[in-house]
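What follows is a single structure, written as structure tokens, with notes after it.
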Amino acid sequence: MKSKIEIEKLLHWAVRDELPKGRPVSADIGHVIGRRMRARPGSMARGLGRMIEADPLGYVPGEPHRDAEAVSDALARLPTAMSLDCEDDARELFGELAAIAEPVVPALMAAVWNPQAIVLSCSAMGRRPPWRFGCPVPYQMFAPTAGRPRPIVHGIGADGELVELRKNEGRARKREGEYALAMLPRSPLNWHDPAPLHIGECRAEWVAWRQALDLLVADLAGKLETIEVQPSALPLMPWRDGASRARLIKGRDLGRADVEPWLAPKRERPAGKPVESPIEAETIASYNRASREKIKKTVAA
């Protein structure tokens, strides 16, 4: 009976445990896809001599499992280039940050990712592409000048186009203020820590990695001898599909919320007065005595 293994764990086992067997100790990760050395029958002596001569560190002992070799062949068939089809796909990478990410959309449209390299790197390091980030911090943009940096301020010109504004001087400054309010002055912000472009690139890597896992599952279905590969349960876009949302309930007294019978507490209410501990009883008695003494002194005075 075949063992059911999720695709991500299967890749960790194949890339980290099995496929390094038989390769040079100093070899790079590329040896796990299509560059594994297979010894020919009857040539072990000559092969061993060439191994030692080619790599002084020697070779990793053992031979990869046949299922691991099938995984290697499937990895070699993964696409090596992926790009975004349209700008809406780029905006989907930002989720709640889409309002500040519009300036970086063209840069993402020109970028290319390598799903094969991403899967190999993540499998070898036992990690996933990062997708969860904090909110970027806004910084005011300044123009480089010889003296004190000058803040960049934009406004709407007479033709309706966005133009850069300069500070008013003289009478115009007294009449309209530092900038002409009729031109709707605003200072553009530069978002960093992390930058929106970095967030978009990392989340695009996640999508490429996640889609590559589905391709591997379809490619390896029925081809492994001892393993039945299982698809990944991870969402394609966890920042949009799998993010948990807090629910706010307004206009309802939660103290009177209806409780299902099987969720109601089963403890019975004790009969009579609650039992006081000796320390609690002595504390109450001391408080009462002090109160009576204070009342007597007040009346005597």
Please enumerate the residues belonging to segment 165-224 that are in contact with a helix residue (DSSP H, G or I) (Cβ under 6 Å, 6 or more places away or on another chain) and among the aliphatic types (A, V, I, L, M). LEU197, ALA208, ALA212, LEU213, LEU216, VAL217, LEU220, LEU224
Quick count over segment 91-112, residues being assigned to a helix (DSSP H, G or I) and either loosely packed, with under 14 Cβ neighbours inside 10 Å or of a type in the set (Gly, Ala, Ser) (or both), is 8
Contact list please: Cβ distance under 6 Å, first residue in segment 160-182 and without any contact (Cβ under 8 Å) to a residue 24 or more places away in the chain, second residue polar (S, T, N, Q), pairs at least six apart or on different chains. GLU176/ASN168
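Residues of segment 154-167 being in a loop (DSSP other than H, G, I, E, B) and touching a strand residue (DSSP E or B) at 6+ places or on another chain (Cβ under 7 Å), which ones?
Our first condition is that a residue be in a loop (DSSP other than H, G, I, E, B); within segment 154-167, this holds for 157-161, 165-167.
Answer for segment 154-167, where residues must be in a loop (DSSP other than H, G, I, E, B) and touching a strand residue (DSSP E or B) at 6+ places or on another chain (Cβ under 7 Å): GLY157, LEU165.
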State the number of residues belonging to segment 9-44 that are touching a Ser or Thr at 6+ places or on another chain (Cβ under 6 Å) and either open to solvent by less than 20 Å² (accessible area, probe 1.4 Å) or at pLDDT below 70 (or both). 4
Residues that are part of a loop (DSSP other than H, G, I, E, B) and over 20 Å from ILE33 (Cβ atoms), drawn from segment 204-231: GLY222, THR226, PRO231
Pull out all pairs, ordered by first then second residue, where Cβ-Cβ is under 8 Å, the residues are six or more apart or on different chains, the first lies in segment 67-89 and is free of Cβ contacts under 8 Å to residues at least 24 places away in the same chain, and the second is assigned to a helix (DSSP H, G or I) and open to solvent by less than 70 Å² (accessible area, probe 1.4 Å). GLU87/VAL105; GLU87/MET109
Among (1) of a type outside the set (Asp, Glu); (2) assigned to a loop (DSSP other than H, G, I, E, B); (3) surrounded by fewer than 15 Cβ atoms within 10 Å (Cβ to Cβ), there is one condition LEU84 misses while meeting the rest; what is its number? (3)
Among the residues of segment 187-194, is there at least one that is open to solvent by less than 80 Å² (accessible area, probe 1.4 Å), at pLDDT 80 or above and under 15 Å from the mean Cα position of the chain (by Cα)? yes
Under 36 Å from the mean Cα position of the chain (by Cα), over 30 Å from VAL15 (Cα atoms) and at pLDDT 90 or above: is that true of VAL105 in this structure? yes
Looking for whichever is modelled with pLDDT of 70 or more, closer than 30 Å to ASP89 by Cβ and of a type in the set (Gly, Ala, Ser) here; the options are SER244, SER232. Which one fits? SER232
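In segment 133-151, which residue that is in a loop (DSSP other than H, G, I, E, B) and out of contact with any Leu (no Cβ under 9 Å at 6 or more places or on another chain) is most open to solvent (accessible area, probe 1.4 Å)? Lay out the reasoning, then the answer.
Residues of segment 133-151 in a loop (DSSP other than H, G, I, E, B): 133-136, 141, 144-149.
Filter once more, keeping what is out of contact with any Leu (no Cβ under 9 Å at 6 or more places or on another chain): 134, 144-149.
On the way: GLY134: 46, PRO144: 131, THR145: 65, ALA146: 117, GLY147: 56, ARG148: 215, PRO149: 77 Å².
The selected residue is ARG148.
The values are calculated or read from the model by the stated rules, or taken from the named source; none is laboratory data. Computed from a prediction, not measured in an experiment: that's the story for all the values here. Cβ: placed from backbone, ideal geometry, glycine included. Neighbour counts: every protein chain shown. To get the accessible areas, we keep the full protein, side chains included, count just its heavy atoms, and leave off ligands, DNA and RNA. Shrake-Rupley method; radii C 1.70, N 1.55, O 1.52, S 1.80 Å.
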